[in-house]
Amino acid sequence: MLAIARATLSSNATAPGVIFSDTDSVIPDVVWISQERLSEIVDDAGHLIDAPDLVVEVLSKTAADRKRDYEVKLKLYSARGTQEYWICDRVKQSVQIYRRENGILKLAVTLFVKDTLTSPLLPEFSCLVERFFT
C-alpha cells in the first residue's frame, strides 16, 4: 500500500471513518481518494462524508464481522458509489476485487499470492498479492 501513498494524484488513509449518514458509517481498513474528489468529500472536521474511490478491508476473524464485510459493507459501498472494493483474506491468502459495473460493485477477480494486483484507478500501481500478507 506504500506505493499508493507515493502517488501525487491521490490521498490514502489507514482506518479512516466514513460517515455517509447518521445511521450509515463505517471504518474501512484503508481508503484511497483521487485528489480531484478529496476536497469534495471531507468535511470541516476532517471526516469523510462520501464514498472513497477505493476501499480495502482485511477480513475479520469472527463470522459476524466477515459477513458484515461481504454483505453490509459491500452493499453500502456499492450504493454510495465506491469504484473498487478489495477484500483481503489472510486465511486464504487472497484478495477479491470488486469493481463498479453497470452502477454496482461486482466481483471482477480473485487473486492469490503469486498474482499481481493492478487497478484502473491506480495506473502506476502493481503489487504481488503475497506482499499483502507478509
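Quick notes
- Electrostatic tally near L105: other residues with Cβ closer than 15 Å to its Cβ, Lys and Arg +1, Asp and Glu -1, net 0.
- Cα-Cα pairs of the stretch 17-134 separated by more than 21 Å (percent): 37 percent
- Taking packing as the residue-averaged number of other Cβ atoms within 10 angstrom, the listed peptides 31-44, 70-83 run from highest to lowest as 70-83, 31-44.
- Taking 18 Å as the cut-off, the amide N atoms of the stretch 62-86 that come nearer than this to a point 7 Å along the Cα-to-beta-carbon line of K92 belong to 62-75, 85-86.
FYI, it's all coordinate maths here, none of it is from the lab. A quick note: this is a predicted structure, and the numbers were derived from the prediction, not measured. We place every Cβ from the backbone using ideal geometry, glycine too, and count neighbours over all the protein chains shown.
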